[in-house]
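Working notes, structure below.
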Amino acid sequence: MSNIKEIILKNEKAMNERWNKGDYSGFLDCYVDEVTFVDPGVPSMVQSREEIREKLEMNFPYKEFPIVKSEYSNEKVVVSDGEDMAVLTYNLHNSMQSKSGKLLQLPLWHCTQVYQLIQGEWRIIHNHWSFAQVPELMERVQAIFTEAAKED
């Protein structure tokens, strides 16, 4: 099982390195055709590799502004008893460089990917990205709870 975990982590980091340099095809190649994809930059869940490709072709900023530093934390791979499915979770902190050379830290990401072993290859069947506690959003949620608790 530890070999499976190593394979998945190695593949994930290789795909992220390509992404960071402006090449999203590593992830596309790993997705199954009917992959589900959730991302805060996309208004609704995407339900196919082709739809993801279309969205990335329309708006993929990392070609112009590549990621220059990635830090992974809380990496965990849980493998099914049958060793044909695995869930990868981790946090990712990326930094990019401005045109003036300043290092800019992007918000912390939460990532969950569900892998399935298909014809001897680990393929992604579900991918979910979200930001870790965005202060403005958390303040808005708290304001809603405060408003809900008020008596008229």
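The values are calculated or read from the model by the stated rules, or taken from the named source; none is laboratory data. Keep in mind the model is a prediction, meaning the values are calculated, not measured. For neighbour counting, all protein chains shown are included, and Cβ atoms are generated from backbone atoms with ideal geometry for every residue, glycine included. Ligands, DNA and RNA are excluded from the accessible area calculation, which covers all protein heavy atoms including side chains. Shrake-Rupley method; radii C 1.70, N 1.55, O 1.52, S 1.80 Å.
Between VAL46, VAL32, VAL141, the Gaussian network model of the chain with springs among Cα atoms under 10 angstrom shows the greatest mean-square fluctuation at VAL141. Among GLU75, GLU136, GLU17, the largest mean-square fluctuation in a Gaussian network model of the chain, built with springs joining Cα atoms closer than 10 Å, belongs to GLU136. Result for the chain in a Gaussian network model with C-alpha springs under 10 Å: among LYS63, LYS99, LYS13, the largest mean-square fluctuation is at LYS99. With the full set of protein chains in place, find how many percent of the accessible area of the chain is carbon and sulfur; take the probe as 1.4 Å. Exposed carbon and sulfur together represent 51 percent of the surface. For the pair HIS128 and ASN91, the difference between a 0.36 nm per residue extended length and the Cα-Cα distance amounts to 12.1 nm. Annotation: per residue accessible area for the chain equals 64 Å², rounded to a whole number [probe 1.4 Å, protein chains only].
Extension gain, VAL114 to MET1: 0.36 nm times the residue separation minus the Cα-Cα distance gives 39.1 nm. Placing +1 on the Cβ of every Lys and Arg and -1 on the Cβ of every Asp and Glu, with no other charges, gives the chain a dipole of roughly 720 debye about its Cα centre. Ordered from largest to smallest accessible area (heavy atoms of protein chains, 1.4 Å probe), the residues LEU137, LEU117, LEU88, LEU56 come out as LEU137, LEU117, LEU56, LEU88. The HN-Hα couplings worked out from phi for the stretch 74-84 by the Karplus form 6.51 cos²θ - 1.76 cosθ + 1.60 (θ = phi - 60°) are 6, 5, 8, 10, 10, 9, 5, 4, x, 6, 10 Hz, whole numbers, x standing for Gly and Pro.
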